[in-house]
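Enquirer: Here it is, the structure in full.
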Amino acid sequence: MSSLMTEDTLISNQYLIHSEPYYQPLASEVQMYEAAYAARMPVMLKGPTGCGKSRFVEYMAWKLRRPLITVACNEDMTASDLVGRFLLDINGTRWQDGPLTVATRIGAICYLDEVVEARQDTIVVIHPLTDHRRSLPLEKKGELVTAHPDFQIVISYNPGYQSLMKDLKQSTKQRFGALDFDYPPAALETKIVQHEGQVDTKTAERLVQIAQRSRNLKGHGLDEGMSTRLLVYAAQLINRGIEPIAACRMSLVCPLTDDPDMRDTLDAAVHTFF
C-alpha cells in the first residue's frame, strides 16, 4: 500500500502547477468555483474561443493546490483514449490507464477542453463520475475505480459556435454546474494584453479596440470575433519588433477569415488604430 501511495504521489506531483498563472477575475467566478470544488460538483465552463476558460482552470488548480490533467477533445477521441487500454510489450499484455482514469485515481482535476468535439459515445463514459456514484467502470479490465475524494471533472465548450454544429445532450448538461465566460471589459482586457504581451498601455488599448470592432461583426461575416488570445499574440509580435500593422495582420486578420472582403474590413480597422 505504501509503495502504491508513493507512486500515486509521484504521478500527482507531475501534474501540479507550481507557478501562479496570470488570471484576472471577471466577476465572482473564483469564489463560485471554490464553492463548487468544496462540494466536488462537476463544473461546465461556457464561453467564446480564447476568452480565458483554460487559464481559469489552471489558475484554480494552482490556487486549490490540486494536480490538473487536461484533455484536448477531438472527434477521433474514443472512450479508450480517456479511460485506458491494454497494450502489448515485450513482457506481454499490460493495462495503461488513460488520463481520466489517472485523474480519478490520484484526485486530480480532470479538464476536458472543448468537450463537444468528442463523440457522444465517448462523452457518456464520464457520466458515472458526475453523480452520486463518483466511480469509473473499466469494462475491458473488469475494474470499478472509485474516485479519489479530491477528484473533480471540469468541461468547457463554446455554445455560440457549437450550437450550429453539435451540442451536449441534456443528460450530460444536467450533471454539471455552469459558469459563463465572455471577453473581459475593455479596461481589463487592456490590462491582460499589456501584461501577457509586454507592450505599453496605448498599444494594448489599440489592440482591444480592433478586437471590439471585429466582435461587432459576429454573425455578419464572422463566426467569431478576435479573441483575447489573438490580441496577446499580436502584442508579443509587436514586443519583438514586428511593425504593428504586420503583426496585426498575421495574428488578428489572417487567422480569423479567408474571405477577401472581410479581410479588407478587418485591415481597415487595423489601419484606423495603427
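The values are calculated or read from the model by the stated rules, or taken from the named source; none is laboratory data. Computed from a predicted model, the values in this text were never measured in an experiment. Don't worry about glycine lacking a Cβ; one is built from the backbone with ideal geometry, like all the others, and counts go over all protein chains shown.
Enquirer: Return the residue satisfying two criteria in turn: it lies in segment 89-118 and is out of contact with any helix residue (DSSP H, G or I) (no Cβ under 8 Å at 6 or more places or on another chain) and aliphatic (A, V, I, L, M), and of such residues it is nearest to ASN13 (Cα to Cα). If you could, list the steps in order and put the result at the bottom.
Expert: Quick first cut of segment 89-118, residues out of contact with any helix residue (DSSP H, G or I) (no Cβ under 8 Å at 6 or more places or on another chain) only: 89-96, 103, 114, 117-118.
Remaining after also requiring aliphatic (A, V, I, L, M): 90, 103, 118.
Working: ILE90: 29, ALA103: 12, ALA118: 28 Å.
It comes out as ALA103.
Enquirer: How many residues are under 25 Å from the mean Cα position of the chain (by Cα) and basic (Lys, Arg) if we restrict to segment 227-263?
Expert: Total meeting the criteria: 1.
Enquirer: Next up: Restrict the check to segment 250-260 and report whether at least one residue is in contact with a Phe, Trp or Tyr (Cβ under 9 Å, 6 or more places away or on another chain), surrounded by fewer than 19 Cβ atoms within 10 Å (Cβ to Cβ) and not assigned by TED's automatic domain parsing to the domain that holds LYS46.
Expert: If we filter segment 250-260 for residues that are in contact with a Phe, Trp or Tyr (Cβ under 9 Å, 6 or more places away or on another chain), which is where we start, we get 250-252, 255.
Those still in the list that are surrounded by fewer than 19 Cβ atoms within 10 Å (Cβ to Cβ) too: 250, 255.
Next, from what is left, pick out any that are not assigned by TED's automatic domain parsing to the domain that holds LYS46: 250, 255.
The answer is yes, given that some residue of segment 250-260 is in contact with a Phe, Trp or Tyr (Cβ under 9 Å, 6 or more places away or on another chain), surrounded by fewer than 19 Cβ atoms within 10 Å (Cβ to Cβ) and not assigned by TED's automatic domain parsing to the domain that holds LYS46.
Enquirer: Restrict the check to segment 36-49 and report whether at least one residue is of a type in the set (D, E, K, R), in a helix (DSSP H, G or I) and more than 15 Å from ALA108 (Cα to Cα).
Expert: no
Enquirer: Considering each of CYS248, CYS254 in turn, give the residue that is more than 30 Å from LEU129 (Cβ to Cβ) and in contact (Cβ under 8 Å) with a residue 40 or more places away in the chain.
Expert: Only one candidate qualifies: CYS248.
Enquirer: For segment 70-88, name all the residues that are within 23 Å of ASN13 (Cα to Cα) and buried (at least 21 other Cβ atoms within 10 Å of the Cβ).
Expert: LEU82, VAL83, GLY84
Enquirer: Do we find a residue being among the hydrophobic types (A, V, I, L, M, F, W, C) and surrounded by fewer than 18 Cβ atoms within 10 Å (Cβ to Cβ) anywhere in segment 48-57?
Expert: no
Enquirer: Evaluate the following for ASP180: is it surrounded by fewer than 14 Cβ atoms within 10 Å (Cβ to Cβ) and either under 21 Å from SER156 (Cβ atoms) or in the same structural domain as VAL124 (by TED's automatic domain parsing) (or both)?
Expert: Here the answer is yes, as ASP180 does meet what is asked.
Enquirer: Do we find that GLN170 is free of Cβ contacts under 8 Å to residues at least 40 places away in the same chain and surrounded by 13 or more Cβ atoms within 10 Å (Cβ to Cβ) in this structure?
Expert: no
Enquirer: Okay, moving on. Can you pull out the residues in segment 219-245 that are outside any helix (DSSP H, G or I) and either in contact with a helix residue (DSSP H, G or I) (Cβ under 8 Å, 6 or more places away or on another chain) or touching a residue at least 60 places away in the same chain (Cβ under 8 Å) (or both)?
Expert: Within segment 219-245, the subset outside any helix (DSSP H, G or I) is 219-227, 240-243.
Once the filter is applied, which keeps residues that are outside any helix (DSSP H, G or I) and either in contact with a helix residue (DSSP H, G or I) (Cβ under 8 Å, 6 or more places away or on another chain) or touching a residue at least 60 places away in the same chain (Cβ under 8 Å) (or both), segment 219-245 yields GLY221, LEU222, ASP223, GLU224, GLY225, MET226, SER227, ILE242.
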